[in-house]
Every structure is written in structure tokens, then in C-alpha cells.
Amino acid sequence: MAKKVKEGRKLKSLPPYNKISPYIMVLRNDAQNFIRDSINVDKAEEYIRKKRNEGLRGFGMLHLLVASYVRTVSQRPAINRFIRGQRVHARNCIEVMLTIKKEISLDSPDTCLKLLFRPEFTADEVYAVIQNAIDESRGDETDFDGLAKALNYIPGLFMKATVSFLKTMDYFGLVPRKLTLLSPFHGSMAITSMGSLGIPPIYHHLYNFGNIPVFIAFGAKYFKNELKLDGTVERNKYIDYTVVTDERICDGFYFASALKVLKDCLYNPDKLDTPPETVLEDIR
């Protein structure tokens, strides 16, 4: 994806309430909605094994969730909106933020990866983008690492003023695209895995700086004994996940519809092997 693509465009045909709500709920923290759900991962695990047998080393729930989200955006583009300057914008691309450790150790520093996808991507293409970014981050210093190091040289006395200046520029859409592509606070969605830590998913807050409107966290797999209609007990495997959303970008009915599309992809992951039949565009 070309890095010169503008981050988004202002929506002009929104209903009146959607135009007013960002002025009422000024901060992203004011507009946070929280939802927790679980999914049976039997079919997901079958799909993951299939992908690994096809040579996709390390393919797992993270890849499947991101691929499912990309597919969801292709069918429900309004969840890819963002707020800037109290105005609702449609994002021109799908940018997913992922935080990883450079090495698997307690003392290893974190780094942020900005992953860019197109709505027609298949699971294989999503996997390739994620793995290339992870492999590159394990070696030399990433662009994000360089930016963080540069900001670290600013004396503490001036850091608050620098951040305030950046917030003002961001409000008016004046932050250079090169910086928003590196920023962990700008994007379509952020995702974190608690499963790798062996704990349940947290409700991760949204940042007031930047424009990420959705944060997804998923936890470790666990078993649940369930009573069937015939009186027998069945042992099933589940994963819990949480979603925190900015309610200003679209209404609850639309968000609910998008979550149904996401779950359908997770329960029927084979559809992610082919591009979507149609890619829907957001309103003008």
C-alpha cells in the first residue's frame, strides 16, 4: 500500500446527531463503550492447523482475528472511521496497531508495529504482512523505535509543551502523514493478546491522543463443560475477547452488525481464503 495515501476524508452526509455527538462527547474517553464476548474455537483451531500445514509458520489466533477484522471492514466500512477536530472522517486504508516484545523475556523492550492492509486481503495476505513486520522488528531498530528515541532526547521540561503542540496539530490534521504512519495512536484498530500471557483479556482504554476508535483484546483458551439438549455434557474450548469502541463513529446497531460479521468469519474461517465478493465503501 502506498504510503502517500491520505489518512482519511471528512464525511459530509452524516445524520445531524452523528455530527453533533463529537462536540458533546469531546474526548474519546467520554465515548467509550465496552463489550465482552466469547467464541468457540473448534473451527478456528482446525483452520489454524490447516494453515500451518500449508506452510504458514506460526499462524495463530492473532492472524485469524486480524484477517477477520479486515474482512469485517470490507463489509462494514463505518467501523473504520475516526474523529478529528470534532468531525467524523472515513479512513482511506486499514491500519492495525500491534505491540510486541522484541524478545521473549521480561526485560525485553516493547515495540509498536503499524500494519497496513487492503479490505480485499485474504488470510494468507494478512499473515504475510504481520510476519514480515514481526521478522523485521526482531532485527535492527524499527522506524517506531527511532521516533521514540528521538522524542526521548527532549528534556522533560519541554516534553509537555511538545505533546500539547502535537495534539493541536493533530486536531487540525496538520501532523505529517509520515508521522501518523509511525504513531501507535493513529489507526483503524489496536489489538493485544493476553492469551500469550495466559490471562483473561483486559478492557483496554482508548487514547485521547490520536484517533484509534477500536481496541480489541483476547485471552487464553479455556474449556467449558456444556449441557446438551439430550442431557449429555460436552466439553468445548473457548476464547474470551473484549472490544472497546468509540461510539461517535457509528451507532450501536451498526457496531452490533459489524460484530456479527466478525464472529461469522471466526466461525467460518475458510471464507477468508478468498477475497470478498464485494467491498463496500463508506458514505461521502
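Just the projected area, averaged over all directions, of the convex hull on the alpha carbon atoms of the chain: how many nm²?
Directional mean of the projected Cα hull area for the chain stands at 17.2 nm².
Considering only Cα-Cα distances, which of the following residue pairs are longer than 26 Å: LYS237/LYS263; LYS19/LYS167; LYS114/LYS224; LYS178/LYS221; LYS6/LYS101; LYS101/LYS178?
LYS114/LYS224; LYS178/LYS221; LYS6/LYS101
Just subtract the alpha-carbon distance of LYS149 and THR162 from 0.36 nm times their residue separation and send over the number in nm, one decimal.
3.2 nm
So, counting K/R as plus one and D/E as minus one, what does the shell of residues with Cβ under 15 Å around ALA220 add up to?
Surrounding charge for ALA220 is +2.
Anyone know which of LEU151, LEU181, LEU56 comes out most mobile in the 10 Å Cα GNM of the chain?
LEU151
Compute, for the chain, the length of the dipole vector about the Cα centre, with Cβ point charges of +1 (Lys, Arg) and -1 (Asp, Glu) only. Units Debye, rounded to 20.
So the dipole magnitude of the chain works out to roughly 900 debye.
Karplus couplings for the range 210-216 from phi (6.51 cos²θ - 1.76 cosθ + 1.60, θ = phi - 60°), rounded to Hz, Gly and Pro as x?
Here the 3J(HN,Hα) series is x, 8, 5, x, 9, 10, 10 Hz.
Tell me, what is a quarter of the convex hull surface for the C-alpha atoms of the range 126-210, in nm² with one decimal?
7.6 nm²
If I stretch the segment between GLU120 and ASP135 completely, what's the gain in nm (0.36 nm per residue apart, minus their alpha carbon distance), one decimal?
My answer for the length gained is 3.0 nm.
Show that you can apply the helix-only estimate: for the chain, add -39,500 (n - 2.57) for every DSSP H stretch of four or more residues, divide by all residues, and state [θ] at 222 nm to the nearest 500.
Rounded to the nearest 500, the figure is -10500 deg cm²/dmol.
About its Cα centre, how strong a charge dipole does the range 2-42 have in debye, to the nearest 20, once Lys and Arg get +1 and Asp and Glu get -1 at the Cβ?
My answer is approximately 520 debye.
Expressed as a whole number of Å, what is the distance separating the alpha-carbon centroids of the range 254-274 and the range 26-102?
Centre-to-centre distance over Cα atoms comes out at 11 Å.
Hey, what D do you get for the range 1-144 in µm²/s if you plug the Kirkwood alpha-carbon radius into Stokes-Einstein at 4 °C and 1.567 mPa s?
Result for D is 73 µm²/s.
When you take every Cα atom in the range 81-192, what is the radius of gyration, and what is Dmax, the widest Cα pair distance, in Å?
15.7, 47
Summarise the accessible area of the chain (1.4 Å probe, protein heavy atoms) by the percent that is carbon and sulfur.
With neighbouring chains kept in place, the figure for the chain is 58 percent.
Can you give the angle from 0 to 90° between the axis of helix 143-152 and the longest principal axis of the chain, with both taken from C-alpha atoms, to the nearest 10?
50 degrees
May I ask you to give the solvent-accessible area per residue for the chain, in square angstrom, as obtained with a 1.4 angstrom probe?
On a per-residue basis, the chain sits at 53 Å².
Can you pull out the trypsin sites (Lys or Arg not before Pro) in the range 111-208 whose DSSP state is coil and whose Cβ has at most 13 other Cβ atoms within 10 Å?
ARG138
Where does the Debye-calculated log10 I(q)/I(0) of the range 1-54 sit at q = 0.13, 0.16, 0.21 Å⁻¹, using only Cα point scatterers of equal weight, no solvent?
-0.77, -0.83, -0.87
The values are calculated or read from the model by the stated rules, or taken from the named source; none is laboratory data. Values in this document were obtained by computation on a predicted structure and should not be read as measured data. All Cβ positions, glycine included, derive from the backbone under ideal geometry; neighbour counts span all protein chains shown. Ligands, DNA and RNA are stripped out before the accessible areas are found, and what is left, the full protein with its side chains, is counted by its heavy atoms. Shrake-Rupley method; radii C 1.70, N 1.55, O 1.52, S 1.80 Å.
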